[in-house]
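Following: one structure in structure tokens, then a few remarks.
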Amino acid sequence: MMLAHQCSARAYLVVLVALLFSILLLTANRLHNGSPIRLPHFADGLRDQTGAGQQNGQRPPETERPITQGETGSTADGFCAHDWEFLRNENLRLSENIVYTRRCVKPIHGDVNRDVIGNVKDPLISGSVNINLGADCSQLAPPPCEPLGLGVPLGYPEPQGQYSHLLFGIASSYERVKESLPVFAHWLAGTGAQLVAIVSDADDTYLKPDLNALQTEYHNHGVNATILAPKFKESLPRKNTREDEVLRRPMAVEQIHFLLIRDMLEASTPQTQWLGVLDDDTFFPSLHPLSLALHQHDHTQPAWLGALADNWVSMKIWGFMAYGGAGTFLSVPLAKQLNPHLEDCVRETVVPSGDGMLRDCMYSRTTTKLTVIDGLYQNDIRGDASGFFESGRRVLSLHHWKSWYRAPVSAMASIARVCGDCFLQRWRFGTDTLLANGYSITVYPEGVKKIDLTRMEATFDEADSRFDFIYGPFRPRLGEDQKKSYRLEAVDGGFGRGEKFKQVYVHRAKRNKEVTQPVDEVVELVWDL
Ligand SMILES: *[C@@H]1O[C@H](CO)[C@@H](O)[C@H](O)[C@H]1NC(C)=O
């Protein structure tokens with residue numbers, strides 16, 4: 001009798017615990033799915049299906065505003081209502097247990113020399129707490145957010161249509177023009193600059209792309225785009241074409257790319273000064289410094305501005321010309337000089353590249369030569385690009401960020417809206433830490449003093465004498481045990497609403513058979529606006 005009684009008591013207990021547990025789970029689930037959190041901006045431009053591209057230049061609709069503190073009776077500063085859910089968002093793919101640090105950054109705007117590495121005595125990563133993201137947030141004490149003052153330049157002026165003197169052009173497939181939208185919107189939205197996109201497969205009878213709808217989508221994101229089909233339906237015959245050679249239908253993209261100059265001239269206005277011929281993965285952190293750099297040159301005269309390749313092997317193959325991925329700029333008078341010769345130049349060309357055709361046409365029809373602009377980067381780099389991004393360079397353009405290497409460029413460059421030229425600005429903290437603003441936090445176990453930060457770490461493939469004419473001098477690549485990296489993976493926060501802007505840097509724990517409980521480490525820099 002006694003035994004039976006004990007047994008049923010234990011059963012009761014089990015049922016009770018199970019019941020409590022399921023209530024807990026249900027609540028957590030409801031909180032997770034039901035909270036009207038504002039859509040965060042996750043790092044990978046390709047994965048960005050949150051519509052977060054709209055955060056730039058356009059305010060998200062009111063319904064997407066975060067719950068403000070107090071609404072859910074959670075921790076004092078709204079941590080549970082917003083930040084917690086942000087960390088739990090599946091796009092961030094964090095382990096259940098994390099080491100979490102946040103610092104509340106007070107930008108001290110002033111006349112700082114952003115090329116000098118700042119020194120901060122105290123460590124950057126301090127006040128860390130262990131968090132289980134499956135737990136009940138309201139039971140947690142709010143994590144500390146130790147204040148940190150950083151000297152930074154002034155923010156760039158907000159885009160308010162002041163760049164109508166710039167007109168950009170791309171030639172690419174429908175899919176790629178569509179996919180480029182969120183990242184193009186990052187630097188184009190609200191700027192007044194125009195974009196002309198020629199869709200190479202516009203006449204594809206199977207795909208039947210709707211160019212008008214795509215153009216409207218661009219406009220809805222604040223980008224003044226004109227999206228057009230190519231004028232020519234098949235490739236122009238080259239002078240040396242064999243008789244039996246079949247002309248390509250539709251026209252080869254490299255020919256469309258070269259003929260862009262004419263499409264851009266036709267879309268230009270009396271305000272237009274510069275025609276920027278781009279690749280579909282050319283990225284500008286901000287139009288403000290680019291526009292300043294272009295202003296150093298006379299747009300009323302023929303002028304050809306751009307960047308060389310950064311790999312000497314490419315230079316030997318293709319020669320001295322503007323490499324289009326970095327962005328190539330033609331003054332309107334130069335484009336007008338070339339315009340009547342475009343078809344002939346295509347017929348005469350021996351190179352299968354739009355950039356090469358432009359070079360040959362330039363050298364054979366005009367006396368204009370290339371002027372190289374500092375800060376435009378062709379980025380022919382593969383693999384780990386961290387050496388480049390941690391080198392302290394200021395960049396006007398980036399390229400190959402979603403193919404040869406991967407970097408979440410629009411999330412990275414969002415900091416420019418807070419403090420302009422501070423994108424990729426560097427600070428040393430304590431004895432072992434470096435912040436490359438917007439890209440990474442690096443901990444050097446052997447001490448940051450041992451690192452020659454004036455040199456670029458040779459992290460990417462073939463980072464040797466092939467690349468040193470642009471990136472040198474190099475320092476050797478560090479091993480895994482000599483460098484611990486927290487990479488920027490997401491940003492969060494609105495602008496101009498008295499809100500905070502948050503950078504989320506993540507060090508991923510190894511995931512393999514031996515690691516049953518990976519613990520990712522997260523450092524958030526919360527910038528006071
Ligand atoms: C787009 O740019 C053209 C030329 O600058 C201008 O006339 C037009 O008003 C702009 N459209 C929008 C929607 O801003």
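Annotations
- Solvent exposure ordering (accessible area, 1.4 Å, most first) of Ser465, Ser164: Ser465, Ser164
- Per-residue ³J(HN,Hα) for the stretch 231-237, Karplus 6.51 cos²θ - 1.76 cosθ + 1.60, θ = phi - 60°, Hz, x for Gly and Pro: 5, 8, 8, 9, 4, 6, x
- Rolling a 1.4 Å probe over the protein heavy atoms leaves Leu259 with an accessible area of roughly 10 Å².
- Against the criterion of solvent-accessible heavy-atom surface with a 1.4 angstrom probe, Lys483, Lys178 sort, most first, into Lys178, Lys483.
- Nonlocal amide H pairs with Arg406, under 5 Å, H built at 1.01 Å: Ala385
- Packing rank of 473-479, 337-343, where each peptide gets the mean count of other beta carbons within 10 Å, highest leading: 337-343, 473-479
- Rounded to the nearest 10 Å², the accessible area of Thr226 at probe 1.4 Å: 40
- Accessible area of the stretch 475-529 belonging to carbon and sulfur atoms, whole % at 1.4 Å probe: 50
- Within the accessible surface of the stretch 166-372, defined with a 1.4 Å probe on protein heavy atoms only, the carbon and sulfur portion equals 52 percent.
- Solvent-accessible surface of the stretch 166-372, averaged per residue with a 1.4 angstrom probe and all protein chains in place: 42 square angstrom.
- Residue pairs exceeding 21 angstrom between C-alpha atoms, taken from Lys121/Lys449; Lys450/Lys483; Lys450/Lys484; Lys106/Lys449; Lys449/Lys484: Lys106/Lys449.
- Shown here for the stretch 314-406: trypsin sites (Lys or Arg not before Pro) in loop regions (DSSP other than H, G, I, E, B) with at most 13 other Cβ atoms within 10 Å, namely Lys369.
- A 1.4 Å probe over all protein chains sorts Asp203, Asp520 by accessible area into Asp203, Asp520, starting with the largest.
- What you get for the stretch 289-386, charging only the Cβ of Lys and Arg (+1) and of Asp and Glu (-1), is a dipole of about 160 debye around the Cα centre.
- Table column - 3J(HN,Hα) (Hz), the stretch 148-155, Karplus curve with 6.51, -1.76, 1.60, x for Gly and Pro: 8, x, 10, x, 9, x, 5, x
- For a straight C-alpha distance cut-off of 20 angstrom, the lysines reachable from Lys233 (same-chain residues fewer than eight places away being disregarded) are Lys208.
- Phe168 long-range amide H proximity, modeled H, under 5 Å: Gln194, Leu195, Val196, Gly276
- The solvent-accessible area of Met357, taken with every protein chain present and a 1.4 Å probe, is close to 10 Å².
- Loop-located chymotrypsin sites (Phe, Trp or Tyr not before Pro) across the stretch 294-359 with a Cβ neighbour count of 14 or fewer within 10 Å are Phe320, with loop assigned by DSSP.
- Packing-based ranking of 434-442, 80-88 yields 434-442, 80-88, ordered from highest to lowest mean Cβ neighbour count within 10 Å.
- Rolling a 1.4 Å probe over the heavy atoms of the protein chains gives the stretch 408-529 an accessible area of 40 Å² per residue.
The values are calculated or read from the model by the stated rules, or taken from the named source; none is laboratory data. What you see is a predicted model, and the numbers here were worked out from it, not measured in a lab. Don't worry about glycine lacking a Cβ; one is built from the backbone with ideal geometry, like all the others, and counts go over all protein chains shown. Surface areas here come from the heavy atoms of the whole protein model, side chains and all, with no ligands, DNA or RNA. Shrake-Rupley method; radii C 1.70, N 1.55, O 1.52, S 1.80 Å.
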